[in-house]
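Trainee: Take this structure first; my questions come after.
Just so it is clear, none of the values below were taken in a lab; they were calculated from the coordinates. Nothing here was measured: the structure is a model prediction, and the numbers come from that model. Cβ: placed from backbone, ideal geometry, glycine included. Neighbour counts: every protein chain shown.
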Amino acid sequence: MQKVDVVLGSFYGDEGKGKIIDYLGAKADVALRATGGNNAGHSIEVDSKKYVFHLIPSGILNEGTMAIIGNGVVIDPKVLIEEINSLKENGVDVSNLRISTKAHVIFPYHIEEDRMLESLRGSKKIGTTVRGIGPCYCDKYERSGIRIEDLYAKNFQELLKRNVEKKNKLFALYGFEEVDFEEIYKEYTEYANILKEYVTDTVTLLHKLIKEGKKIICEGAQATLLDIDFGSYPYVTSSNPTIGGILTGSGLNPKQIGEVYGVMKAYSSRVGAGPYVTEQDNEIGDLIRELGHEYGATTKRPRRCGYLDLVALRYAVLINGITALCMNHLDTVLKLDTIKLCVGYERDGEIFEDFTTNEEELLKSVPVYEEFSGDLSDISQIRDFQDLPEVAKKYIERIEEFVGVPIKFIGVGAGREEIIVR
Ligand code: IMO
Ligand code: MG
């Protein structure tokens, strides 16, 4: 049986999942998204053209690859249609796109609610992407959500009306802008018509494809430390971007999973609020941001930057059963005079090697670093691990030793080809 390989974020997102998916996707028949929504932003550079994907699995760029959006994804149809159109304009064939009947739909009231909830949080803002992700997942679990298939159901109008009325009462209560039922109904009926050709039972489809021996790559969104259960709650997203979410978000079973690739950067970044032990809120962080172009693909926000945290990375390996790591931006980190690697958290005079999601403990944790010196030689043309500068090899081997998993892919530049495969 062909196994499904999964690509997941190991830190706080934006690890460069797109690049590795692009590499693996070239050999896949099917690209799958199972989690998150258009809070994700996956950039890929092909022939010096930059594509940013929010909902459609980026594997669709490979000719003939089927792209499936699974039931665990929350879909803003407006964004999805824009993405479809933009791909079509660039000559990409999207006839191979499939959308789950069971995926939940984001409505304008979810976006307004996201904005409202952030505002009510006062000084404890999460820094969400304000794409309506959290409120849409809340409705799903509250069981008032509207799924893709409901857009075509006889009672769609009734379901929508009930939700709009309820949300408007909430908006009125807190002095936020009310939404217009008629407008939304009309808009979403049009969206439903446009998307109809892609909608299908993706669970049945996936199992059929596996039976046919098709190679499937699952494209994770967000990341381990943004997980609602395993991340730094409440500064997380409203879903499980970890391995469990891949199963529940697609209908695949554990026996069908093959490699679990954990994507990471040679340094780290976080966008949005919340604890971040190795953050460099100083000129080092500014330098990393500029060298690594660390500005959000979705919200354009400058990302918080810092050193690589092996305590967190090993946690991601444990939670997800990561079998191999993919490290991006080795070229970037080598440009620093001194590269630091966090190998422990010190709290109250004691050193911990195990991650904690407790906010107070995280805020108190002082990183214990090992240091490496930078190397300014150009590594973008290197394709063999042995040809890397000594310091780079040592850095990589130390990471592997600490987390117990091999680093199989190493990004040495932004381009599609700039990668070392071991
Ligand atoms: P990709 O797939 C980085 C962060 C937001 C915020 C928190 C909650 O590109 O790695 P949400 O809108 O999900 O309710 O926001 O999660 N966040 C991400 N950060 N990369 C992402 O996706 C993210 N998706 C959500 O910044 O802190
Ligand atoms: Mg991103």
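Trainee: Just need log10 I(q)/I(0) for region 263-421 at q = 0.10, 0.11, 0.13 Å⁻¹, Debye formula, equal scatterers on the alpha-carbon atoms, no solvent, rounded to two decimals.
Mentor: Ignoring solvent entirely, the Cα scatterers give -0.35, -0.43, -0.60.
Trainee: Long-range amide H contacts for residue 268: which residues qualify at under 5 Å (H placed 1.01 Å from N, peptide plane, sequence gap of 5 or more or a different chain)?
Mentor: Sorted by chain and number, the residues that satisfy this are 306, 307, 308.
Trainee: Sticking with this structure for a sec: Can you tell me how region 153-232 classifies by the Cα gyration tensor, rounded, prolate or oblate, using a/c under 1.5 as the rounded cut?
Mentor: oblate
Trainee: Further question on the same structure: Using +1 at the C-beta of Lys and Arg and -1 at the C-beta of Asp and Glu, which of 203, 152, 106 has the Cα lying farthest in the positive direction of the dipole of region 98-217?
Mentor: 203
Trainee: Going by amide H atoms built from the backbone, whose H comes under 5 Å of the H on residue 419, apart from near neighbours?
Mentor: Residues meeting the amide H criterion: 412.
Trainee: Assign one of three labels to region 104-194, namely rounded, prolate or oblate, based on the Cα gyration tensor with a ≥ b ≥ c the square roots of its eigenvalues; rounded applies when a/c is under 1.5, prolate when it is not and a/b is larger than b/c, and oblate otherwise.
Mentor: Values: a/c = 2.09, a/b = 1.71, b/c = 1.22.
It comes out prolate by the Cα gyration axes.
Trainee: Another question about this same structure. Along the charge dipole of region 347-422, pointing to its positive end and built from +1/-1 on Cβ of Lys, Arg, Asp and Glu, which listed residue (352, 404, 363) has its Cα farthest out?
Mentor: With unit charges placed on the Cβ atoms, the residue in question is 404.
Trainee: Could you give the dipole magnitude of the chain about its Cα centre, charging the beta-carbon of Lys and Arg +1 and that of Asp and Glu -1, in debye to the nearest 20? Working shown, then result.
Mentor: On the way: 51 positive and 66 negative charges, 256 e Å.
Charge dipole, the chain, about its Cα centre: 1240 debye, nearest 20.
Trainee: Counting Lys and Arg as +1 and Asp and Glu as -1, each charge on the Cβ, what is the dipole of region 1-148 about the Cα centre in debye, to the nearest 20?
Mentor: Using only the charged Cβ atoms, the result is roughly 400 debye.
Trainee: While we're looking at this one, here's another question. Amide H to amide H, which residues 5 or more places from residue 296 or on other chains are under 5 Å from it, using H placed in the peptide plane?
Mentor: Amide H neighbours of residue 296: 301, 303.
Trainee: Normalise the Debye intensity by I(0) for the chain, one equal point scatterer per Cα, no solvent, then take log10 at q = 0.10, 0.11 Å⁻¹ and round to two decimals.
Mentor: -0.68, -0.82
Trainee: Expressed as a whole number of Å, what is the distance separating the alpha-carbon centroids of region 83-141 and region 186-210?
Mentor: When both Cα centres are located, 17 Å separates them.
Trainee: Now, a different point. Stretched out fully, how many nm does the piece from residue 361 to residue 121 gain, at 0.36 nm a residue minus the Cα gap?
Mentor: 84.2 nm
Trainee: Moving on. Hey, if you drop one equal point scatterer on each alpha-carbon of region 1-46 and run the Debye formula without solvent, what base-10 log of I(q)/I(0) do you get at q = 0.16, 0.20, 0.31 Å⁻¹?
Mentor: Debye intensities relative to I(0), on a log10 scale: -0.48, -0.74, -1.44.
Trainee: For residue 171, what is the net charge nearby, where nearby means another residue's Cβ is under 9 Å from its Cβ and Lys, Arg count +1, Asp, Glu -1?
Mentor: Within the 9 Å Cβ shell, the charges total -2.
Trainee: Applying the Karplus parametrisation 6.51 cos²θ - 1.76 cosθ + 1.60 with θ = phi - 60° to the phi angles of region 30-46, what ³J(HN,Hα) value in whole Hz is obtained for each residue in order, glycine and proline being reported as x?
Mentor: Those phi angles translate into 9, 10, 10, 10, 10, 9, x, x, 8, 6, 7, x, 10, 9, 9, 10, 10 Hz.
Trainee: Next question, about the same structure. With an 8 Å cut-off on Cα pairs and a minimum separation of 6 or more residues, tell me the relative contact order of the chain in percent.
Mentor: 20
Trainee: A follow-up question, please. Fully extended, how many nm does the chain gain between residue 393 and residue 352 (0.36 nm per residue separation, minus their Cα-Cα distance)?
Mentor: Taking residue 393 through residue 352 to full extension adds about 12.2 nm, to one decimal.
Trainee: Report the charge-dipole magnitude of region 296-422 in Debye, nearest 20, computed about the Cα centre from +1 at each Lys and Arg Cβ and -1 at each Asp and Glu Cβ.
Mentor: 620
Trainee: Right, next: Just order 140-152, 13-25, 231-243, 329-341 by mean Cβ neighbour count inside 10 Å, highest at the front, would you?
Mentor: So the peptides 140-152, 13-25, 231-243, 329-341, ranked by packing, come out 13-25, 231-243, 329-341, 140-152.
Trainee: Short version: ³J(HN,Hα) in whole Hz for each residue of region 234-251, in order, from phi by Karplus 6.51 cos²θ - 1.76 cosθ + 1.60 (θ = phi - 60°), x for Gly and Pro, what are they?
Mentor: Rounded to whole hertz, the list is x, 8, 9, 9, 8, 8, 9, x, 7, 4, x, x, 5, 5, 5, x, 9, x.
Trainee: Quick one: Karplus J couplings for region 265-278, per residue in order, coefficients 6.51, -1.76, 1.60, θ = phi - 60°, nearest Hz, x for Gly and Pro?
Mentor: Working through the residues one at a time gives 10, 6, 10, 9, 8, 8, 10, x, 7, x, x, 7, 4, 9 Hz.
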